[in-house]
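Before any comments, here is the structure.
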Amino acid sequence: MNKIITFLLLLLSVSINAQKGFKISGSLEGFEENTIVKIQKENLTIDSCYLKHKKFELKGTIEEAPTDLFLWIGDGENAKYVSLFIGNEAVTINAKKQDFPYDVKLKGSKYDDERYEFIQKTKALNIERKELVDKMFLLRDQKLWNDSLQKAYWSRKEPYGIIVKIDQKTTQIQNEFIKNNINSYYALSLLDVYKTEFETNQLNDLLKTLKPEFAKSVYFKSIQNHIKYPDLKIEDKFYDFAGANQNEKAIKFSDYFKGKYILLDFSTIYCGWCLKAIPKLDEFKNSNLSKLDVVTFYVDKNQKGFEGLIEKHQKDSNVIWDKEGRFSETYAKYKVLATPTFYLFSPEGKLIEKYTGYSEDLGEKITEIISK
C-alpha cells in the first residue's frame with residue numbers, strides 16, 4: 001500500500017511540475033519608478049508589471065520550451081530590451097540600465113548561459129552594425145542615400161559592403177559556436193534559424209551528434225524538414241502547401257495559378273522591411289493585374305499578427321497562414337532565413353527568381369521580367 005501511495009504522489013508531483021510555468025523576477029537599476037516591464041513572444045505580451053522600488057516579477061507559460069523571449073523595460077524609442085532563452089523555470093535578473101541589451105545575465109536558468117556566451121562573442125560586431133544601420137537611415141532621411149552608398153554598405157559581390165563584411169564575420173563566429181555547443185537547446189535553436197547557411201551534409205553530421213533528448217524538440221523536427229526538401233532552383237516547380245486565407249477559407253498555393261505570374265511573399269507584421277514592402281507590392285500588382293498576382297504567407301504563429309498583416313494589405317490581397325509559424329513545413333520547404341523573402345513563379349509554376357530581403361527596385365525588376 002505504501003508503494004502505491006508513493007507512486008501516486010510521484011505522479012502528482014510530475015503532473016504539477018509539467019504544468020508549472022516560468023517566473024522572471026529581480027531588480028533593475030537606472031529606471032524610473034513605475035516604468036512598465038513586459039515579457040513578449042512574437043511581439044505579443046505574455047505578462048507585464050510596473051517597477052516598484054526597482055523590483056519586478058513576471059509569469060507565464062511557454063508552450064514550446066525552451067524558447068526565446070524578449071524582456072522590455074519602458075515604451076517608445078527609449079525602451080530597453082534583452083533577448084532571453086528560457087524554459088518553464090524560475091529565473092532572476094539583477095541588471096543596470098546600461099547592461100541592456102548585451103550584458104544582462106540570468107541566474108537560475110538551465111538554458112540561458114549559452115545565449116549569454118554567444119552574445120558576448122558577437123557583441124562588438126552587433127554594436128558596429130547597429131551604428132552603420134542607424135547612419136544609413138539618417139542618410140536616407142536626409143535624401144543623401146545613393147547607389148554608390150548602397151554598394152558600399154550592402155554589396156554582396158567583391159568588394160563586399162561594410163555591413164555584409166560584418167555579417168560574414170558574425171556568421172563565422174555563429175557557425176563555430178553552433179558546432180561547439182550543438183548539444184544545447186540554444187545552439188540547436190540557432191541552427192534552426194540559420195539552417196539555410198549550412199550544407200545538407202553539414203546539417204546531417206551535426207544532427208548525428210545530438211543526444212536523444214534533443215531529437216524530440218521542435219528545432220530538430222524543423223531542421224529535418226529543411227533537409228527533406230531540396231533547394232528550389234530556377235525552372236523547378238513550386239512546392240505546394242495549404243493554409244487558411246484572410247476569409248478563413250482552406251486553400252492551396254496551387255489554387256492561385258490561373259495563367260498569371262505569382263510572387264510568393266514570406267512576411268510578418270513584426271518586420272519593418274516587410275511593412276515597407278507592402279504598399280510597393282500592392283502598387284506594382286495593381287499596375288500588372290492581368291499578368292501578376294501576389295500571395296503573402298504569414299510566417300509567425302499568433303492570430304493577432306495574421307489579422308494585423310491582413311489589415312496592412314488591400315482588401316483583395318491574398319494572405320495565407322498555416323498556424324505553425326516558423327516551425328512549419330512550408331517555411332522549411334522554401335528555405336526562408338529572414339523576412340521578407342520572395343519567390344517569383346511563371347504562370348506554369350516554375351521558379352524564375354528568388355529575392356532575399358526588400359529593395360526599392362524590386363517592383364521594377366519583377367515588372368521587367370513579366371513584361372517580356
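Points worth noting:
- Over the range 311-362, volume per residue of the alpha carbon convex hull, in Å³: 132 Å³
- Full-stretch length increase - residue 102, residue 248 - with 0.36 nm per residue and alpha-carbon distance subtracted: 48.5 nm
- Subset of 41/110; 55/96; 249/276; 97/143; 221/335 violating a 23 Å alpha-carbon distance limit: 249/276; 97/143
- Rounded to the nearest 20 debye, the dipole magnitude of the chain is 520 debye, with +1 charges on Lys and Arg beta carbons, -1 on Asp and Glu beta carbons, and the Cα centre as origin.
- Translational diffusion of the range 116-185 was estimated from the Stokes-Einstein equation, with Rh taken as the Kirkwood radius over Cα pairs; at 4 °C and 1.567 mPa s the coefficient is 96 µm²/s.
- Surface exposure of the range 227-372, expressed per residue as accessible area with a 1.4 Å probe, stands at 48 Å².
- Two-site FRET efficiency, residue 312 against residue 25, from Cβ-Cβ distance with R₀ of 35 Å, rounded to 0.05: 0.45
- Global geometry of the range 233-281, whether rounded, prolate or oblate, following the gyration tensor of its Cα atoms and the 1.5 cut on a/c: oblate
- Remark: accessible surface ordering of 372, 59 (largest first) is 372, 59, probe radius 1.4 Å.
- Within the shell of other residues whose beta carbon sits under 14 angstrom from the beta carbon of residue 142, the net charge comes to +1, with Lys and Arg scored +1 and Asp and Glu -1.
- Accessible-area ranking of 154, 72, 321, largest first, probe 1.4 Å: 72, 154, 321
- The solvent-accessible area of residue 141, taken with every protein chain present and a 1.4 Å probe, is close to 120 Å².
- Computed with a 1.4 Å probe over protein heavy atoms only, the accessible area of residue 346 comes to about 10 Å².
- Cβ-based charge dipole, the range 252-315, positive-most Cα from 261, 302, 273: 261
- Sorting 115, 140 by solvent-accessible area of protein heavy atoms yields 140, 115, largest first, with a 1.4 Å probe.
- Cα-based Kirkwood hydrodynamic radius, the range 53-178, one decimal, Å: 17.1 Å
- ³J(HN,Hα), Karplus 6.51/-1.76/1.60, whole Hz, each residue of the range 336-342, x for Gly, Pro: 6, 9, 8, 9, x, 10, 10
- Cross-link table 157/301; 123/211; 121/280; 38/121, entries beyond 31 Å C-alpha to C-alpha: 157/301; 121/280
- Cα shape, the range 244-327, gyration tensor, a/c 1.5 rule: oblate
- Using a Förster distance of 45 Å, the FRET efficiency for residue 117-residue 157 (Cβ separation, nearest 0.05): 0.85
- For the chain, 49 stand unpaired, since no other cysteine beta carbon lies under 4.7 Å from theirs.
- Global form of the range 265-372, assessed from the alpha-carbon gyration tensor, a/c cut-off 1.5: prolate
- Per residue of the chain, the DSSP helices (runs of n ≥ 4 H) give a summed -39500 (n - 2.57) that works out to -12000 deg cm²/dmol at 222 nm.
- Karplus (6.51, -1.76, 1.60) ³J(HN,Hα), θ = phi - 60°, over the range 178-185, in Hz, Gly and Pro reported as x: 4, 4, 7, 10, 4, 8, 9, 5
- Sulfur and carbon atoms: percent of accessible area, the chain [1.4 Å]: 50 percent
- Residue 127/residue 63 FRET efficiency (R0 30 Å; Cβ-Cβ; nearest 0.05): 0.35
- One chain, two ends: residue 143 and residue 77. Fully extended at 0.36 nm per residue, the span grows by 21.5 nm beyond their Cα-Cα distance.
- Here the range 108-215 is assigned +1 on the Cβ of each Lys and Arg and -1 on the Cβ of each Asp and Glu. Its dipole about the Cα centre then comes out at about 300 debye.
- Within the same chain, aspartates and glutamates fewer than 8 places from residue 228 are excluded, and of the rest, those with a Cα less than 17 Å from its Cα are 192, 197, 199, 205, 236, 240, 329.
- Maximal additional length on extending the residue 168-residue 338 stretch stands at 59.6 nm, based on 0.36 nm per residue less the C-alpha distance.
The values are calculated or read from the model by the stated rules, or taken from the named source; none is laboratory data. What you see is a predicted model; the values in this text were computed from it and never measured. Cβ: placed from backbone, ideal geometry, glycine included. Neighbour counts: every protein chain shown. The area values use the complete protein model at the heavy-atom level, side chains included, leaving out ligands, DNA and RNA. Shrake-Rupley method; radii C 1.70, N 1.55, O 1.52, S 1.80 Å.
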